[in-house]
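Read through the structure below, which is laid out as structure tokens, and then see the notes.
Nothing in this text is a laboratory measurement; each read-out follows from the coordinates by a stated rule. Keep in mind the model is a prediction, meaning the values are calculated, not measured. Don't worry about glycine lacking a Cβ; one is built from the backbone with ideal geometry, like all the others, and counts go over all protein chains shown.
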Amino acid sequence: MENRAVRRRHSAFAAFLATLVMALGFTAVPADAAPQEQVDYVALGDSYTAGTGAGPFTWTFPCIQTTGGYVDIVDSQPLVKLEKNAACHGALLKAFAEPGHVPSVKDQIVALKAAGSLSYSTELVSLTAGANDTGVNSTLFICGTSTSEACKEAVTASVQSLPLVAADLVRSFGAIRQAAPKAKIAVLGYPRLFDPVGGYPVISPTNQTLVNQGTALLNATLAASVATARALYHADAQYIDVTSRFSGHAVNNVNQSWLCFEPLAPCIPTVPNPVPGGDPIPDPRNFHPNAAGHLAYASALTEAVNLTALARR
């Protein structure tokens with residue numbers, strides 16, 4: 001009698017696991033099947049890849065990361081094995097960022113290579129990079145607090161930096177190719193931050209449009225840099241656009257934002273300054289993907305790359 005009860009409990013638990021597996025969209029692997037190959041995955045870059053916006057923000061200089069970002073979501077898939085996420089909030093392409101002497105993308109590549117995390121066995125590398133090098137934070141501040149003329153000047157200055165940003169991007173992709181010659185390099189773009197037509201008028205529609213135009217030119221630079229790296233270094237690089245996924249989910253789409261840690265407008269709360277006694281500062285999670293936004297990034301990445309094919313390399 002006791003054995004039959006135990007068997008029933010085991011059967012019920014097995015049925016529960018099977019239901020959970022199907023609900024999560026995973027395919028069960030037979031017990032006698034050979035172990036499935038996994039994709040060796042490395043991530044690097046700026047705050048979007050460091051997970052900013054996915055959860056509580058912790059001031060841990062020099063490299064700030066937040067758990068639950070798109071990298072962690074991708075890593076949760078059975079086919080993926082994350083070797084290292086080296087991305088840091090605020091990272092520039094080739095220079096330390098302040099405050100905190102934040103490692104650049106160049107520094108991240110060097111450290112990953114030295115540790116053996118970025119190597120011949122690496123099959124997938126993802127990154128977001130370039131926005132900080134254009135002065136995105138100062139541009140957003142000016143466009144959020146000043147006239148359209150001042151905003152236009154700030155966006156123009158950002159755009160003028162794009163040729164140098166492109167050169168640094170190409171060198172970064174080339175360095176990744178040299179360290180991990182088999183890897184698919186997935187370069188994710190940035191979403192348009194504002195909805196000038198249907199969104200809450202947190203700033204003027206003209207300034208919203210100007211910021212979006214700057215983002216579009218940055219994304220075009222990312223795509224062109226990927227193409228150049230493919231031609232110069234034979235890098236298996238791919239640009240992944242995310243703008244359509246974030247349509248209707250801009251910073252100022254009330255209750256629907258994927259780019260504000262609280263999806264309500266205006267997205268301008270403050271948090272305590274990390275320096276004791278300092279004045280509160282704008283929450284660094286603003287203008288970053290929240291939990292839903294990071295899900296969108298993870299979906300964009302996994303749909304663009306063939307994980308099964310990468311695992312078989």
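The gain in end-to-end length when the T308 to N255 segment is fully stretched comes to 15.5 nm, 0.36 nm per residue minus the alpha carbon separation. DSSP bridge analysis restricted to region 40-311 gives an antiparallel fraction near 15%, rounded to the nearest 5. Here the 3J(HN,Hα) profile of region 179-185, calculated from phi with Karplus coefficients 6.51, -1.76 and 1.60 at θ = phi - 60°, is 7, 9, x, 8, 6, 6, 9 Hz, Gly and Pro shown as x. As a rough guide to protection, the peptides 178-189, 82-93 ranked by mean Cβ packing within 10 Å, highest first, stand as 82-93, 178-189. Each peptide among 98-109, 250-261 gets the average number of other Cβ atoms lying within 10 Å of its residues, and from highest to lowest they stand as 250-261, 98-109.
Ranked by the mean number of other Cβ atoms within 10 Å per residue, highest first, peptides 69-75, 162-168 order as 69-75, 162-168. Database remark: amide H of V80 closer than 5 angstrom to the amide H of V39 (H placed geometrically; neighbours at sequence offset of 5 or more, or on other chains; Pro and chain starts carry no H). Near the amide H of I240, within less than 5 Å, lie the amide hydrogens of V187, L188, G189, all on another chain or at least 5 residues away, with H placed in the peptide plane.
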